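Everything on this sheet refers to the single structure shown next.
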Amino acid sequence: MATRIKDLPADEIVLSGNGACASCPSTLALRIVGKALGSNVVMLLTPSCTVASMGLTPQMAFNYPAMNVCFATAASSASGVMYSLEAQAMKGRLQGELPTVITWTGDGGTYDIGFQALSAAAERNDHFIHFCYNNEAYSNTGVQRSAATPAFAATTTTPGGKVEAKKNMPLLMLDHRVPYMATASLAYPADLYDKVVKAKSVKGLKYIEIFAPCYPGWRFESKDMIKLARLAVRSGVNLLWEAENGAITRFSHPTKGLVEGSSQPRGLEEYFEAQGRFKHVMTPERKEAFLSGVEAEIRAEMDLLRGRQV
Amino acid sequence: MSERLLETGCHAAALAVRSARVDVVAAYPITPQSSVVETVASMVEEGTLDCRFLPVEGEHSAMAACAGAIAAGARVFTATASQGLLYMHEVLHMVGGGRLPMVMANVNRAVFPPWALLVDHQDSLSQRDTAWMQMYVASVQEIYNAIIQGFRVAEGAQLPVMVNFDGFILSHCASGITVPDQEAIDAFLPPYEPLWRLDPANPSSYANVTATEYYGKHRAAIQRAHEAAKPLFIEAAASYRDHTGMWDGDLLELYKTEDAEVFIVAMGSMAAEAKLSADALRERGVKAGVVRIRVYRPFPVEALAEVLPEGAAAVVLERNYSFGLNSGILAVELKSALYGRKNLRIFDRVMGIGGQDLTWAYMARVVEDAINGKEATSWQHE
């Protein structure tokens, strides 16, 4: 039975007075994650929008013990924390349920500089949850391209539009055969909540990627953040699924309908029209070819994921 | 009962990890490494070392995992060498600047390029300003002793300690060592009581962004902690002698310095060899002694100023270059430390680079040439 949004706990780990942008997707995502995890959590953060907005020491906007670590080291730092807690429990110095160890990273800290450490932690199957809020660029530092930036998107390091396709990070994690992983969307917060609750209950390395439309980075109106997130899911740009040990176990609504063919992708044009970063390809001359290219990619991705089901 | 064993330096380091009751070892065994890590891993698997071993995929991750493990409240150790140490550099700053007390064994080995396997001190001296404390040891026994002492000082000063020992000369050569009774070590090194930890019952941020004012205060506190660590090293060496009967020196190790007029200043195994050079020089009528710098960071400024008399000659023999300064790093430090305190004739001789063999006879000749004003011929590679 899926949780409904009005059933989410009232607990807040994101405190008032943080420095995030209006409608910041990472901050909202963290609110929902906090509701799912409860208070017994240790959090590791790499440089990101979240670090830039969590408040200056001696203040902090999160109600978790939160350690900032070097950019490449989210996963290795989390492994260190977990081994430490386990060693102390083994020696009788810590009693009771050990805290849930989580990393909180952007796409840069996951797809790019953090990839090696994450891959290694997944291979060791270390016991923590790696979160990636994917806003498809280095938004904190001025919107530079990352490996998660989609083709044609303009960033400050790809002013004419990115030439290369984005790295398929969820598929790479699927092929690490981690015990649990999921993709999620802010437009479907109860689905995100359920996935985090599930991740907390699984032993080993869990990977959760949250699609995070970023209004300054993508150049849309801040009031449309959830709308963009929803359009991304309905159009098939952001496919929502869960996997265990290398096999997809479930597609979430409405991705399930798209994958099974009972509903059709919609809103692709509206999704891209709303974003300034695609303005140069959403012209009368280029739009049709661009959108049909994206549609073909979405179909190919759905074919691929269908083949990876249990 | 203490044990008398024949061990390599690497194995002695692993034995110290066991004696220190380390909770977590996170390490990568290559780039290049020594047999410290594999020995630790074997001990854990055999059940003779009660700790969690985290086999990471590289040294950058190794040091990051150590940082996380200390912050969560454990006593932590790692080992590395050469390129591995260089690869850790960013995270060394985090652990040093972050005031995370741990001990790392570094097997001093020459840095790339070209590839070389043997000893010099370029690797660890390149990490000088990472806020780590650094010890340089001169025997296999001292590797064991310094790691145990290192934990006590690290935890007292809230700063990490790097125990450096010479590749192959100490790391791979076996020597007789004494492993004291565990009760003696436990009495010397009580269980780790972290001052703070990542604790959900007490949420706080660690190493978060801060204003310039706080940043500056934090960095100044690191410097004060280094100064405050000097008496801790002295106290730890004395207490260790009380508990185990063993003595390697404290900040310095001195040999025949009381009446000396010529002082050989060196670090690591070459300083042990230099004792024979001093003896040989004395036979030739040169009143020589040896000052072995055992603790390089914090730099023992006061201790050096005390032992080196006005007007004496100090010949610094060192296995590193400070490129662009036509000098080694240690001589620069010595001159800087003594400036305004003591006026000495200080000579610098870079030697033993990349593991080139240093005999007592060679070092004695270099010292003699230096004090007799022979400049160029004493540089080994010219």
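We did not get these values from a lab; they are worked out from the coordinates using the rules stated. In this text the structure is predicted, and so the values were computed from the model without any measurement. Cβ sites come from the backbone with ideal geometry, for glycine too, and all protein chains shown count toward neighbours.
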Violating pairs (Cα-Cα greater than 32 angstrom) within the set A:Lys223/B:Lys217; A:Lys195/A:Lys287; A:Lys200/A:Lys287; B:Lys230/B:Lys256; A:Lys91/A:Lys200; A:Lys166/A:Lys200: A:Lys223/B:Lys217; A:Lys195/A:Lys287; A:Lys200/A:Lys287
- prompt: Hey, what did chain B get for relative contact order, percent, Cα under 8 Å, at least 6 apart?
  reply: 16 percent
field: Counting DSSP beta bridges with both ends in the stretch A:150-286, the antiparallel % (nearest 5)
entry: 50 percent
field: Under-5 Å amide H pairs with B:Asn164, H placed in peptide plane, nonlocal only
entry: B:Asn106, B:Met135, B:Tyr136, B:Val137
statement: Averaged over the residues of B:43-56, the number of partner chain Cβ atoms within 10 Å of each residue's own Cβ comes to 3
Neighbour-limited loop hits for GluC sites (Glu not before Pro), the stretch A:231-266 (at most 16 other Cβ within 10 Å; DSSP other than H, G, I, E, B): none
task: For the protein assembly as shown, list log₁₀ I(q)/I(0) at each q in 0.07 Å⁻¹, using the Debye formula over Cα point scatterers of equal strength and ignoring solvent, two decimals each.
output: -0.54
message: Suppose each label sits 7 Å from its Cα in the direction of the beta carbon; what would the A:Thr156-A:Ala22 distance come out to in nanometres?
response: 2.2 nm
field: Shielding by partners - mean other protein chain Cβ count within 10 Å, residues of A:61-72
entry: 6
- prompt: Does anyone have the angle between helix B:269-283 and the longest principal axis of chain B? Alpha-carbon axes, 0 to 90°, nearest 10?
  reply: 20 degrees
- request: Using only atoms on other chains, find how many Cβ atoms lie within 10 Å of each Cβ of peptide A:95-108 and report the average.
  value: 1
field: Loop-located chymotrypsin sites (Phe, Trp or Tyr not before Pro) in the stretch B:178-259 whose Cβ has at most 14 other Cβ within 10 Å (DSSP)
entry: B:Trp196, B:Trp247
task: Using only Cα atoms, tell me the angle between helix B:212-244 and the longest principal axis of chain B; keep it within 0 to 90° and round to the nearest 10.
output: 80 degrees
- prompt: What is the P(r) of chain B, as percent of Cα-Cα pairs per 10 Å bin from 0?
  reply: 5, 24, 34, 24, 10, 2, 0
query: At 222 nm, what helix-only mean residue ellipticity would chain B give, in deg cm²/dmol to the nearest 500, using -39500 (n - 2.57) for each DSSP H run of four or more?
result: -12500 deg cm²/dmol
- prompt: Expressed in whole Å with the largest first, what are the equivalent ellipsoid semi-axes of the stretch A:2-57 derived from the C-alpha gyration tensor as the square root of 5 times each eigenvalue?
  reply: 21, 13, 10
task: Find the Rg to Rh ratio for the stretch A:156-307, where Rh is the Kirkwood radius over alpha-carbon pairs and Rg uses the same atoms.
output: 0.98
task: Quick one: compute a quarter of the convex hull surface over the Cα atoms of the stretch A:5-306 and quote it in nm².
output: 15.4 nm²
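Subtracting the Cα-Cα distance from 0.36 nm times the residue separation, let me have the gained length for A:Ala190 to A:Glu285 in nm, one decimal.
Result for the pair: 30.2 nm of gain on full extension.
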- request: Using DSSP to define loop residues, name the chymotrypsin sites (Phe, Trp or Tyr not before Pro) in the stretch B:48-124 whose beta-carbon has at most 16 other beta-carbon atoms within 10 Å.
  value: B:Trp115
Length-normalised contact order of the stretch A:27-179 in % [C-alpha pairs under 8 Å, at least 6 apart]: 20 percent
field: DSSP beta bridge pairing in the stretch B:3-244, given as percent antiparallel to the nearest 5
entry: 20 percent
- line: Longest principal axis of chain B (C-alpha) makes with the long axis of helix B:329-338 (C-alpha) an angle, in degrees to the nearest 10, of 80 degrees
task: Under 1.5 on a/c is rounded, so check that first for the stretch B:252-378, then, if it is not, pick prolate when a/b is larger than b/c and oblate when it is not; a ≥ b ≥ c are the square roots of the alpha carbon gyration tensor eigenvalues.
output: rounded
task: Would you work out the charge dipole size for the protein assembly as shown about its Cα centre, treating the Cβ of every Lys and Arg as +1 and the Cβ of every Asp and Glu as -1, and quote it to the nearest 20 debye?
output: 1760 debye
- request: Count the DSSP beta bridges whose two residues both fall in chain A, then state the antiparallel fraction as a percent rounded to the nearest 5.
  value: 25 percent
